[in-house]
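Beneath this line is the structure, given in structure tokens, with notes to follow.
Quick note: the coordinates plus some simple rules give every number you see, no bench work behind them. On a predicted model such as this, the values are computed, not experimentally measured, just so you know. Cβ placement follows ideal geometry from the backbone for every residue including glycine, while neighbour counts extend to all protein chains displayed.
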Amino acid sequence: MHANLVPLHARQYGGEVGKTVQIRNLDPVVEERLRKRASSEGLSLSAYLRRELALLAERQEFWDRWNDFTPDGPGLSGDAAAEIIREMRGPLP
């Protein structure tokens, strides 16, 4: 595709644009709390929610992997748990 034909959003955000998620019937009190938290961190509500949803997905991935090792067993060894955490965290700076 010719560079001039690449959609503006792809040029602005460096590639594919993610999916749009709409949440219906959100309690106005919850929405206001989220807006305040976003504002206190200098983020738009959208940016704040993108970050929080990414963190939620990472936590879910951790527990999914954890459960792969402990479907019905007594639990994960400390070494195995540490290895999962290292893999998900990535290299230390």
Local electrostatic count at GLU31 - Lys and Arg +1, Asp and Glu -1, tallied over other residues with Cβ under 14 Å: +2
Contour excess over end-to-end distance, with Cα ends at LYS36 and ALA80 and 0.36 nm allotted per residue: 11.9 nm
Residues LEU53, LEU34, LEU92, sorted so that the one with the fewest Cβ neighbours within 10 Å comes first: LEU92, LEU53, LEU34
